[in-house]
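**Q** Here's a structure for you.
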Amino acid sequence: MADEPNDELPDDELPDDEVLAAVAEHRGRSGGDTEPKRLATSARIEHQPLLDCTVTRCIESRTTGEQTRPAPFDLSGRPVVDDLDAFRQAPPKDLRRRETVHVVLDGSVREVPCHDCSNGKQQCANCKGTGRLHCEPQVPCTDCKSVTSCTKCRGRGGSRKAPVTPVAPQKVKRPGVRVDCALCEAPGTACPRCLGWGKTLCTDCGGDGKVKCRHCQGRGRWSCETCTGKGRLTVWRGATITRAPEDEDVTAPPPRAPWIIRSRLKDKGAWRETVVGAKGRLPEDLAAHHRAAIERSLVKKRGEVTRQVSIRHLPLARVVLADEPDRVYYVYAGVTRPQVTWIPSRRWVSRVAAGAAAAMTTAVLLFVALR
């Protein structure tokens, strides 16, 4: 049954007579005052206003301690304060803007020698200051891999005195054609790249056994990363203060319309929009359960500087008619007058689902029977 008229109806609720008149018109049965009065005897109305609310907070974090930069470092653009912990900024004008402020403790700025280097240079950790690295002077031949270096002496040499070290890798003009062995002098038996040795001189060091360190380019030292080669540091005690926005969505508590209705009306209807500051009051026309949910979200968080609450709410009523059990109507505030949308009732959905399941079962049984 429809609720009795209430002279103290909350501002966020649509009057029942307007709700029933909108449903009657939607069904095409306006009939003046007759149809709404007839519906009032069998309609069940439940008010389920929609809420879209976000609490935006400005959260401040700060780190305090000694800071260093390569000298000279310009600190003239930073605020100088007597007490880092007591320093407070004015509330931000734009909560959505992220900002960082660096402050300097008065009297703490000084220049000191860099403790990580000597005159801006560090010993190369890769070569230990030598500028050179060990390299294998001889490497296996890339063609014969020391296996078939010479088909006669197998790289062991013969009666003649062999060279002390292998030669540099030879340029092979005719792959697969053997040449005279440099060890045993046998004709046409040796690999054309290593000449029978099975090894060649390393192309990086040329057989020297040492290569230039790539990290320091052979200098043994490099520019200090701490002071960027300056040899001195600017040191001071300061604080880094960061302010960043943090959003929290307020979930509307029951009674709540189904998701499909909330989604359908997201951009429809005469939503009432309000932005409330940190010291402002919530709108008077909020539903009581919405107000309670928002107030629970307004507990001050650690580091909170200020906040604002963005509120959108839409009056909405759920209507079930005794003579039309397969539909559920939803009446919402429109720009000029209440508007109506509807969804199938659970009873209708259950009946259709049961029919579909029965049809599917029959089809499966028939398929099995005909196999």
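The values are calculated or read from the model by the stated rules, or taken from the named source; none is laboratory data. Note that the structure is a prediction, hence the values are computed from the model and not measured. Cβ sites come from the backbone with ideal geometry, for glycine too, and all protein chains shown count toward neighbours.
**Q** Considering only the range 281-307, state which residues are within 15 Å of THR54 (Cβ to Cβ) and among the small types (Gly, Ala, Ser).
**A** Of everything in the range 281-307, those that are within 15 Å of THR54 (Cβ to Cβ) and among the small types (Gly, Ala, Ser) turn out to be ALA293, SER297.
**Q** Inside the range 86-100, can you point out the residues that are without any contact (Cβ under 8 Å) to a residue 40 or more places away in the chain and either farther than 21 Å from PRO245 by Cα or part of a strand (DSSP E or B) (or both)?
**A** Within the range 86-100, ALA86 is the sole residue that qualifies.
**Q** If only one of ARG327, ARG256 is surrounded by 13 or more Cβ atoms within 10 Å (Cβ to Cβ), farther than 30 Å from VAL80 by Cα, free of Cβ contacts under 8 Å to residues at least 24 places away in the same chain and over 30 Å from the mean Cα position of the chain (by Cα), which one is it?
**A** Among ARG327, ARG256, only ARG327 is surrounded by 13 or more Cβ atoms within 10 Å (Cβ to Cβ), farther than 30 Å from VAL80 by Cα, free of Cβ contacts under 8 Å to residues at least 24 places away in the same chain and over 30 Å from the mean Cα position of the chain (by Cα).
**Q** Within the range 101-121, identify whether any single residue is in contact (Cβ under 8 Å) with a residue 24 or more places away in the chain, closer than 30 Å to CYS205 by Cβ and charged (D, E, K, R), and answer yes or no.
**A** yes
**Q** Residues LYS230, LYS268, LYS301: which one is farther than 28 Å from GLU25 by Cβ, loosely packed, with under 15 Cβ neighbours inside 10 Å, in contact (Cβ under 8 Å) with a residue 40 or more places away in the chain and not hydroxyl-bearing (Ser, Thr, Tyr)?
**A** Result: LYS301 is the single residue among LYS230, LYS268, LYS301 that is farther than 28 Å from GLU25 by Cβ, loosely packed, with under 15 Cβ neighbours inside 10 Å, in contact (Cβ under 8 Å) with a residue 40 or more places away in the chain and not hydroxyl-bearing (Ser, Thr, Tyr).
**Q** Exactly one of (1) surrounded by 13 or more Cβ atoms within 10 Å (Cβ to Cβ); (2) at pLDDT below 95; (3) closer than 30 Å to ARG262 by Cβ is unmet by PHE73. Its number?
**A** Result: PHE73 fails condition (3) only.
**Q** Another question, if that's okay. Which one of these does VAL275 not meet: (1) more than 14 Å from LEU51 (Cβ to Cβ); (2) outside any strand (DSSP E or B); (3) β-branched (Val, Ile, Thr)?
**A** Going through the list (1) more than 14 Å from LEU51 (Cβ to Cβ); (2) outside any strand (DSSP E or B); (3) β-branched (Val, Ile, Thr), VAL275 breaks only (2).
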